[in-house]
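One structure below.
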Amino acid sequence: MDCKIVNGTVVTATDMYRADVGIDKGKITQIAKKIKEAAGEVIDARGHYVFPGGIDIHTHLDMPFGGTVSSDDFETGTIAAAFGGTTTLVDFAIQGKRKSLKGTLKTWMKKAEGKAVIDYGFHVAITDLTKKVLAEIPEMVALGVPSFKCFLAYKGALMIDDGALYQVLLKCKQAGALVMIHAENGDVLDVLINDLLSQGKTEPKYHALSRPPAAEGEATGRGIALARMAGAPIYIVHLTCKEALDKVKEARDAGFPVLAETCPQYLLKSYRNYLEPGFEGAKYVMSPPLRDKSNWDVLWKGLASGDLQVVSTDHCPFNFKGQKDMGKDSFASIPNGAPGIEHRLVLLFHEAVNKKRLGLNRFVELVSTAPAKLFGLFPKKGAVAVGSDADLVVFDPKKPFTISAKTHHQNVDYTPYEGFKGKGVPRVVLSNGKVIIRDGKFLGQPGTGRFLKRKPFRLTA
Ligand code: URP
Ligand code: ZN
Ligand code: ZN
C-alpha cells in the first residue's frame, strides 16, 4: 500500500466515523477501523477530519474578460485551490464569436496542460449560437463536457437571447447535459448603466446600483420558465438574493429540476463594501454584485433547506493595481470578478460548521459531494469510498487562521477577506494519492492534474 491515513475521523456527506484509510495507486483501497498492513507513507490524522477533496465547479482561470485576463492561470490557480483543500475544479471555457465549441475546449485544454496540479474539467459557455454550434452539443457531451453556461447578462459581449437559450435547453435535454445560467436581465442593466454614466455617476458603488436584485430575480424566473417549457433541468450560477431564491424555491416546490449555487462572497460581504474609501470598492466589483446584508440569512436558509445545493467560488481574480484600476473613471470599465478559490472551505467551515448554521455532513455535501454528483464526477470524486480517487483532505478543525493577500497563494494583490479570522484548516491535501500540501508547503508538480471526462447529467443530488 502506498499510503495510509490513520486515527482520523472520516466525514462524508452522510457519515462520520473513526477509521483508517488505505491508498494504493492513486485510489482508496481500504477503509477499516485499523489498517495493519504496512504503507509507504503513514499520515497521522489524530484529532483531524478526513473528508473528500473540495470540488469547485465555478472558476475562471486565465480567462480573457473585460479587456484583460484573469490573473491566476492553471498553475497558480490550482496551487491556490490545493492550499485551500480543493482537489478538483471545473472551469469555464468561453466560446469566442464565430468559434466552435470543440475549438473552444481545445483552447482551454491547452491553457491547463502542463500547468494544473489538481484534476480539472470544463463547462463551455455558449456565446454565439448557430445551427452548427447547436449540433456540437452531443459531441461535447461525448468528450466529457456535459454542462454549458448561458449568459443572460453582459449585453454586446457574452449575452445570448431567450430564443438561443431555449434552443440550448432543448438540445441539452436530449444530449444529457445541464444548462447553467448567469441570471441578470442584460437589456435592462444596459439601460441602467448608461443612465448612471450619463449622470456622471462613475464610482464602484454604481456597479451595484446598476444591477438591482429585481434584475436577477427576473432573469432567474425567466430562465426557469424557459427550462420548464423545454422540460429541461437548469442550474443557476452565483445566486445572490431573495428575489432569485424565491423563483428557485417556487419551481422546486412545484417539482421542477431547478438547481442553484451561491458563493462565499454573497454570504459574507455586502453592498457596504462598495462604500470603502477611495477606489477600494472596485475590489468587490463582480456580477451579480454584492447585495444588502439582509440576503445573508436568506442564503444560509437556502443552503440548510436544500434549495441551494452547491457552494462554489466564481473565482475570477483581477489585480487591484493594473487591472481593477482600468475602471478608475467608470465603474463599467472595472473588470468583473474577485478571487476566492483558496478560501472556500475554510470560510464555509468556519461560518457554517463552527457557527452551527450547518452540520459537518452538509458542509462536505455542499463543497464536494453535491457538485461531484451534479457534474458527472461521483463517485470517482466527492466520496471517501473504496475505489474512489484518493483526493482527500486531512483537516485540523482547531487550528486558527487569518486570511491575507500577504500570505495567500492566489496570484492577485488583494483578497476580499483581508484580516478574516477563523478556525479550521487543511493540514494535508492529497490528489490522486499523492500528498500535494503538507503543513503549509506545496509538494505537488505542475502538469500532474488530469482532464476529467465527466459523465452525462443525471439528477442525483
Ligand atoms: O463578476 C464575475 N462573476 N465574473 C466572472 C464571470 C461570471 O459572470 O461568472
Ligand atoms: Zn456569471
Ligand atoms: Zn463566473
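Here are the numbers for this structure:
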| item | result |
| --- | --- |
| Test set (1) assigned to a strand (DSSP E or B); (2) closer than 30 Å to residue 317 by Cβ - residue 78 fails condition number | (1) |
| Hey, residue 85 of a type outside the set (D, E, K, R), surrounded by 24 or more Cβ atoms within 10 Å (Cβ to Cβ) and at positive phi or not | yes |
| Matching residues in segment 324-349 - criterion: being among the polar types (S, T, N, Q) and within 16 Å of ligand 3 (Cβ to nearest atom) | 336 |
| Where residue 186 falls short, out of the listed (1) within 16 Å of ligand 2 (Cβ to nearest atom); (2) out of contact with any strand residue (DSSP E or B) (no Cβ under 9 Å at 6 or more places or on another chain); (3) within 26 Å of residue 250 (Cα to Cα) | (2) |
| Residues (closer than 22 Å to residue 220 by Cβ, buried (at least 24 other Cβ atoms within 10 Å of the Cβ) and among the aliphatic types (A, V, I, L, M)) located in segment 132-164 | 152, 153 |
| In segment 252-292, the residues that are of a type in the set (Lys, Arg), closer than 16 Å to residue 211 by Cα and touching a Lys or Arg at 6+ places or on another chain (Cβ under 8 Å) | 272 |
| Qualifying residue in segment 232-242 (condition: touching a Pro at 6+ places or on another chain (Cβ under 8 Å), assigned to a helix (DSSP H, G or I) and within 16 Å of ligand 3 (Cβ to nearest atom)) | no |
| Residue check for residue 367: over 18 Å from residue 268 (Cβ atoms), of a type in the set (Val, Ile, Thr) and touching a strand residue (DSSP E or B) at 6+ places or on another chain (Cβ under 9 Å) | no |
| Selection status of residue 129, part of a helix (DSSP H, G or I) and either buried (at least 21 other Cβ atoms within 10 Å of the Cβ) or more than 16 Å from ligand 3 (Cβ to nearest atom) (or both) | no |
| Candidate set: segment 125-179, residues that are of a type in the set (S, T, N, Q) and in contact with a Leu (Cβ under 7 Å, 6 or more places away or on another chain); chosen: the one nearest to residue 226 (Cα to Cα) | 167 |
| Sole residue being within 28 Å of residue 322 (Cα to Cα) and among the small types (Gly, Ala, Ser), chosen from 81, 19, 32 | 81 |
| Unmet criterion (only one of (1) part of a strand (DSSP E or B); (2) surrounded by fewer than 23 Cβ atoms within 10 Å (Cβ to Cβ)) for residue 57 | (2) |
| Tally, over segment 80-120, of residues that are within 15 Å of the chain's Cα centre (by Cα), within 16 Å of ligand 3 (Cβ to nearest atom) and of a type in the set (A, V, I, L, M, F, W, C) | 5 |
| All positions within segment 338-352 that are crowded, with 23+ Cβ neighbours inside 10 Å and either of a type in the set (Asp, Glu) or not in a helix (DSSP H, G or I) (or both) | 338, 339, 340, 341, 342, 343 |
| One residue from 355, 373 being exposed (fewer than 15 other Cβ atoms within 10 Å of the Cβ) and out of contact with any Lys or Arg (no Cβ under 7 Å at 6 or more places or on another chain) | 355 |
| Single residue of segment 53-79 satisfying the filter (more than 17 Å from residue 121 (Cα to Cα) and not hydroxyl-bearing (Ser, Thr, Tyr)) that is nearest to ligand 3 (Cβ to nearest atom) | 65 |
| Verdict on residue 352 being away from ligand 3 (no atom under 16 Å from the Cβ), in contact (Cβ under 8 Å) with a residue 12 or more places away in the chain and under 20 Å from residue 151 (Cα atoms) | no |
| Residue within segment 397-415 that is at positive phi and surrounded by fewer than 17 Cβ atoms within 10 Å (Cβ to Cβ) present | no |
| Subset tally (residues that are among the basic types (Lys, Arg) and closer than 14 Å to residue 178 by Cβ) for segment 92-149 | 1 |
| Among (1) under 29 Å from residue 403 (Cα atoms); (2) in contact (Cβ under 8 Å) with a residue 12 or more places away in the chain, the one test that residue 69 misses | (2) |
| Lone unmet requirement of (1) more than 18 Å from residue 184 (Cβ to Cβ); (2) in contact with a helix residue (DSSP H, G or I) (Cβ under 6 Å, 6 or more places away or on another chain) for residue 283 | (2) |
| Residue tally, condition part of a loop (DSSP other than H, G, I, E, B) and more than 22 Å from the chain's Cα centre (by Cα), over segment 169-184 | 0 |
| Residue in segment 15-22 that is of a type in the set (Phe, Trp, Tyr) and either assigned to a loop (DSSP other than H, G, I, E, B) or buried (at least 17 other Cβ atoms within 10 Å of the Cβ) (or both) present | no |
| For residue 326: the one exception among (1) surrounded by 24 or more Cβ atoms within 10 Å (Cβ to Cβ); (2) in a helix (DSSP H, G or I); (3) not charged (D, E, K, R) | (1) |
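Throughout, read-outs are computed from the coordinates displayed, never taken from laboratory work. Just so it is clear, the model here is predicted, and its values are computed rather than measured. Here Cβ is always computed from backbone atoms with ideal geometry, including for glycine, and neighbour counts include all displayed protein chains.
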